[in-house]
Every structure is written in structure tokens, then in C-alpha cells.
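S.K.: My questions will all concern the structure given below.
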Amino acid sequence: MTSIALVVLDTVRYDAFTEQFDWLPGTWFDHAYSTSHWTGDAHASLFTGQYPSEAGVSVADWSLSTPEPTLAERLSAAGFDTRAFSANINVSAPYDYDRGFDTFEGTWRLDLPKPAVFNWFRHMEENKRSTPLAYVDGLAETLRGEYDIGRSLRLGLRQAVTGTRFDRTDDGARAFREMAGNLDPDDRTFFFANLMEAHQPYRIPPSERTAPPAAIGPAFETTLRARFDDPAAALVEGVDPASVDPPSLDPERARAAYDDCVRYLSSVYADAFERLESSFDYVFTLADHGELFGEHGAWEHGYGLYQPLTHVPLVVSGPGFPDERRSDPVSLLDVHRTVLALADGVDPAGRGRDLRTVDQSARYLTQYNGIASMRREALRERGYAPSAIDTVDVEYRGVVADDYYGFETDDGWHETGTTREDPREQLTTLRESVPDNRATEHDTGPVDPDIRQQLDALGYT
């Protein structure tokens, strides 16, 4: 009988992790890579053991819509109690990531307004009048409509006093810590969690900061401009330069705020981990992707396959995983396979390998599949022409091997580690071996306004 906890520290870079999580026991896989650069793709691989394009997750359809059973569905069918806690709207019920979980809890980010409660968040976003008059309008609509008056008025009062919910300074780590102490798992329990402290807007409690907070906002525009030798060239396609004012970003300030967040997350997770380790046979601690602070002319994690995005921390604690460092090339696909291999009576599935028996012989893909239609729309609204946006709405692939990572970029082939013979041929072979099950339509329709508000705050537009 086995109980397993799988904790994703969203957006935690490998270098930041090694500095702040050196207390974490278990086997450290120092050459671990995500399958992609962003949350949806990475979690699709964790939950299916497939590459993102193979699982059908794409920039056009973020949902986990594959007909293949997910990790939680396989474990549930085998009699596991399956539980989840997520602070990430991308890993939640609206995108079908609750499949197979008996319970799926979330932070305030997932607590979207219900139809019976007046949606103050959408109302304040869409109302064109001054703030006081907008609240008067909202009150009138609440009283006229078929709403739960008491709950609606309390929500409006909280909105008026605190502003948007995005001003909160804890993305769920403390709630997760409390939950970890109360799980009381039985012999067959699978627990998944996603924690968002390291994701922008890089906000933590003021008492934990050593630097000012730095919500960098829609930094993808700066990433787009950097694709041109002359940033002004981004405006060539009939765009009025006066109408486009790019964000002013400070890499040092943003990185200092980010490092504070990782440090805070480490301190909270240390308590939670102690509770998990005492309750579960195995604890997997990893990131889904990293973050960029102007390296390669890119920000956040919306573009490219650069190493700070795809090289992720991975530590497994439990029997068979001694306190040691491993240099074997591994992937998030291996996490999926290993969880199933550890679960007695569950047939392993997916492309990955058992992390207890990995060696230096494997090769893995990384995938960048372009930008979401929502992001294209935001750039168009900012004044950029389609031809300029097309420079980032492309596809790139990378290959991970023993002490090697090579990947495609807008300025050619980049590589780190030991030089290998014909890496691009190896990449072609790998790429051809992976079916593409993505939807052919580029746009699946408008995003729900409540979810869009969350995504805007997290920099996805």
C-alpha cells in the first residue's frame, strides 16, 4: 500500500530552487526538464505521460480534453483516494484538471463568482462611469436582479474596501500548509497541489519582503519588441508609434521581488513538507516551468524554450530515493510514470521511465507551440499588426539528452552542455515520433470573463 504527494511549485526556476530549498531531503534530479514553457502544457504531461501536442493541449484549447485516462483517473480506478489543491486557474475545473479527483479544492483564485451572486468583478471592469457611480449602478442591478442579496452586498463591500482580489498577498501557501497538516491520508491516497507564490505579480506578505513588490503586468509586449533588431521595427507594419507605449521593466527589481517570493515559499513549504513526509510514503517536489527576467530579450514564461524556462527542479523523497544528486536526463513524463509505478496494482502508462531506474540514455522533447488567441487579441488591441505578432506565434522544439540541451530560437539553434553529433537530426526523429492531436482550429471562442480577469492579473495577456 502506498500514499503519494505530488507538489508543483509553479514558476520556480532551477537556480532559485537550489538556493532556497537546499534543506529538502531526497534524490535531486539536477538535469530535469519540463516538456514545455508554461503551466497548461507541463501539467498535461504530468497528468497524462504524453507530450502536450500528443495530449491535445494547445494554445487554442487549454483544457485537458484527451480521451486517455489521466493520472488521477487511473489511480482512482485502482482504489486510491484522490485529492487536489490548486492555486492556479489554469489547473482547475474550468480546464478539466479536476478529472479523477474525489476532492478538488482551490484558493481564492479559483473561487469564481456563482450565478446567484452579483459579479462585481466583471461589473467594475465593464462599467465606464466613475468608481462611486459604478458601485451605485452595481447596487441597483443587484436589487433588480435575481441574486442572493446578502452575499452579493457583502461581496460588493469587500470589493469596495480592498479593491480587486488580486491585491491579496498570499496565493495559497499558508492554506496549503494548514491543509497538509489535516490530510490524514490512508494507505492508498494520492494528493496533488499547485502553489503560485513564485508566479507574478510576485506578491507576498509585507513582513516577508526585502525588496518592493514588482507586478510586471503584460510583459509579453516587451518580449515581442525584442524579436526585432531595432525595437522600433516592431511598429513598421502601419502601426502608429505614438499609440504603442511598451512597458518599462526593471530586471533587477523584478528578480529581487521574485527571489523574495521563492524564499517565502520555501519557508512555508518547509513546514508543509514536514507534515507531508510524516503522512505520505513519497513526496514529489518539482516545478512546471521557470521564469525569464529579460534574458534572451524575453520576460515571464510566455515565449521560447530557453533553459531558464525548461530546466526545472525535481526532488523525490521516500523509500528508494536516498539523499543524493543525480545527473540523468529526466522529464516531467518520468514523474507521471513513476507515480504509477509506485502505486501498487496500477499499470504504468505514458512515455516516461521509472525514476528509480533511469540512466543516461534517454532523450526528450520540449515544445513551444505559439501564443494563445487571447494574447494575439491583446496585442492587436495594443496596436500591433498581425505580421509583427506572427514573429512570436510560431513553433519551436528542443531536445534533452545526457548533459545536453539544444533548442530552436528565433535566431537559430542554441545549445548548452556537451556538444553532440547531429542534435538536430535527433530532434527531427523525436518530433516525428510524437503524434499531433491538437485541434486544427486556432480559436475556440471567447474566454469566460471571470477566468479572463484572473489570467490578465497573472500576465497571460
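The values are calculated or read from the model by the stated rules, or taken from the named source; none is laboratory data. Quantities reported herein were computed from a predicted structural model and do not represent experimental measurements. Heads up, the Cβs are rebuilt from the backbone with ideal geometry, glycines too, and the neighbour counts pull from every protein chain shown. Only protein heavy atoms, including side chains, enter the accessible area calculation; ligands, DNA and RNA are left aside. Shrake-Rupley method; radii C 1.70, N 1.55, O 1.52, S 1.80 Å.
S.K.: Looking at Asp61, Asp98, which is the one that is in a loop (DSSP other than H, G, I, E, B) and touching a Lys or Arg at 6+ places or on another chain (Cβ under 8 Å)?
M.R.: Within the list Asp61, Asp98, the selection yields Asp61.
S.K.: Can you go through Thr2, Thr27 and tell me which one is surrounded by fewer than 23 Cβ atoms within 10 Å (Cβ to Cβ), touching a strand residue (DSSP E or B) at 6+ places or on another chain (Cβ under 6 Å) and either touching a residue at least 24 places away in the same chain (Cβ under 8 Å) or not hydroxyl-bearing (Ser, Thr, Tyr) (or both)? Working first, answer last.
M.R.: Numbers: Thr2 fails: touching a strand residue (DSSP E or B) at 6+ places or on another chain (Cβ under 6 Å).
Residue meeting the stated conditions: Thr27.
S.K.: Residue by residue through segment 286-310, note down the ones that are more than 21 Å from Ala257 (Cβ to Cβ), surrounded by 24 or more Cβ atoms within 10 Å (Cβ to Cβ) and touching a helix residue (DSSP H, G or I) at 6+ places or on another chain (Cβ under 8 Å).
M.R.: Result: Gly304, single match.
S.K.: Being assigned to a loop (DSSP other than H, G, I, E, B) and of a type outside the set (Phe, Trp, Tyr) is the filter; apply it to segment 43-58 and report the residue that is most open to solvent (accessible area, probe 1.4 Å).
M.R.: Initial filter on segment 43-58 (assigned to a loop (DSSP other than H, G, I, E, B)): 49-51, 56-58.
Next, from what is left, pick out any that are of a type outside the set (Phe, Trp, Tyr): 49-50, 56-58.
Working: Gly49: 0, Gln50: 30, Gly56: 9, Val57: 0, Ser58: 7 Å².
Checking each candidate, the answer is Gln50.
S.K.: Take the residues in segment 34-51 that are of a type in the set (Phe, Trp, Tyr) and touching a Ser or Thr at 6+ places or on another chain (Cβ under 7 Å); name whichever of them is farthest from Arg438 (Cα to Cα). Steps first, please.
M.R.: Step one: list which residues in segment 34-51 are of a type in the set (Phe, Trp, Tyr), which gives 38, 47, 51.
Restricting the remaining residues to those that are touching a Ser or Thr at 6+ places or on another chain (Cβ under 7 Å) gives 47, 51.
Details: Phe47: 17, Tyr51: 11 Å.
The qualifying residue farthest from Arg438 (Cα to Cα) is Phe47.
S.K.: Please verify whether segment 61-69 includes one or more residues that are farther than 25 Å from Asp186 by Cα and surrounded by 23 or more Cβ atoms within 10 Å (Cβ to Cβ). Step through it out loud before you land on a result.
M.R.: Kept after step one, since they are farther than 25 Å from Asp186 by Cα, are these residues of segment 61-69: 61-68.
Those still in the list that are surrounded by 23 or more Cβ atoms within 10 Å (Cβ to Cβ) too: 62.
Checked segment 61-69: at least one residue is farther than 25 Å from Asp186 by Cα and surrounded by 23 or more Cβ atoms within 10 Å (Cβ to Cβ).
S.K.: Here are Gly370, Gly318: which of them is closer than 19 Å to Leu75 by Cβ, in contact (Cβ under 8 Å) with a residue 60 or more places away in the chain and surrounded by fewer than 23 Cβ atoms within 10 Å (Cβ to Cβ)? I'd like the intermediate steps shown before the answer.
M.R.: Details: Gly370 fails: closer than 19 Å to Leu75 by Cβ.
Result: Gly318 is the single residue among Gly370, Gly318 that is closer than 19 Å to Leu75 by Cβ, in contact (Cβ under 8 Å) with a residue 60 or more places away in the chain and surrounded by fewer than 23 Cβ atoms within 10 Å (Cβ to Cβ).
S.K.: Can I ask one more? So is Val394 under 24 Å from the mean Cα position of the chain (by Cα), assigned to a loop (DSSP other than H, G, I, E, B) and among the β-branched types (Val, Ile, Thr) or not?
M.R.: Working: under 24 Å from the mean Cα position of the chain (by Cα): yes; assigned to a loop (DSSP other than H, G, I, E, B): yes; among the β-branched types (Val, Ile, Thr): yes.
When the stated conditions are applied, Val394 passes them.
S.K.: Ok, one more. Working carefully through the options Glu125, Glu105, find the one that is on the phi < 0 side of the Ramachandran plot, open to solvent by 20 Å² or more (accessible area, probe 1.4 Å) and modelled with pLDDT of 85 or more. Before you say what the answer is, go through the steps one by one.
M.R.: Values: Glu125 fails: modelled with pLDDT of 85 or more.
From the options Glu125, Glu105, the qualifying one is Glu105.
S.K.: Can I ask one more? Do you know which residues across segment 161-209 are surrounded by fewer than 17 Cβ atoms within 10 Å (Cβ to Cβ), at pLDDT 85 or above and either of a type in the set (Lys, Arg) or in contact with a strand residue (DSSP E or B) (Cβ under 7 Å, 6 or more places away or on another chain) (or both)?
M.R.: Answer for segment 161-209, where residues must be surrounded by fewer than 17 Cβ atoms within 10 Å (Cβ to Cβ), at pLDDT 85 or above and either of a type in the set (Lys, Arg) or in contact with a strand residue (DSSP E or B) (Cβ under 7 Å, 6 or more places away or on another chain) (or both): just Arg174.
S.K.: Just the residues that are more than 30 Å from Arg424 (Cα to Cα), in contact with a helix residue (DSSP H, G or I) (Cβ under 7 Å, 6 or more places away or on another chain) and assigned to a helix (DSSP H, G or I), please, taken from segment 332-373.
M.R.: Selection gives Val339, Leu340.
S.K.: Six or more apart or on different chains, Cβ atoms under 7 Å: show the pairs whose first residue is in segment 39-52 and farther than 18 Å from Asp98 by Cβ and in contact (Cβ under 8 Å) with a residue 40 or more places away in the chain and whose second is among the β-branched types (Val, Ile, Thr) and open to solvent by 10 Å² or more (accessible area, probe 1.4 Å).
M.R.: Note: pairs meeting the criteria are Tyr51/Val434.
S.K.: Of the numbered conditions (1) of a type in the set (Asp, Glu); (2) part of a helix (DSSP H, G or I); (3) over 24 Å from the mean Cα position of the chain (by Cα), Glu377 satisfies every one except a single condition; which is it?
M.R.: (3)
S.K.: List the pairs whose first member sits in segment 281-300 and is more than 18 Å from Asp334 (Cα to Cα) and outside any loop (DSSP other than H, G, I, E, B), whose second member is at pLDDT 95 or above and open to solvent by less than 20 Å² (accessible area, probe 1.4 Å), and whose Cβ atoms are under 6 Å apart, counting only residues at least 6 apart or on separate chains?
M.R.: Close Cβ pairs satisfying both conditions: His296/Tyr306; Trp299/Leu292.
S.K.: Of the residues in segment 70-90, how many are touching a Ser or Thr at 6+ places or on another chain (Cβ under 9 Å), within 25 Å of Asp347 (Cβ to Cβ) and in a loop (DSSP other than H, G, I, E, B)? Before you say what the answer is, go through the steps one by one.
M.R.: Narrowing segment 70-90 to residues touching a Ser or Thr at 6+ places or on another chain (Cβ under 9 Å): 70-73, 75-76, 80-88, 90.
Still in the list and also within 25 Å of Asp347 (Cβ to Cβ): 70-73, 75-76, 80-84.
In the following step, the residues that additionally are in a loop (DSSP other than H, G, I, E, B) were identified as 70, 80.
Within segment 70-90, residues that are touching a Ser or Thr at 6+ places or on another chain (Cβ under 9 Å), within 25 Å of Asp347 (Cβ to Cβ) and in a loop (DSSP other than H, G, I, E, B) number 2.
S.K.: Follow-up. Do you know which of the residues in segment 228-251 that are outside any helix (DSSP H, G or I) and closer than 26 Å to Ala198 by Cα is modelled with the highest pLDDT?
M.R.: Within segment 228-251, the first condition is being outside any helix (DSSP H, G or I), and the residues that meet it are 228-230, 236-240, 244-250.
When the remaining residues are screened for being closer than 26 Å to Ala198 by Cα, the result is 246-250.
Numbers: Pro246: 61, Pro247: 65, Ser248: 73, Leu249: 83, Asp250: 88.
Per the criteria, the residue is Asp250.
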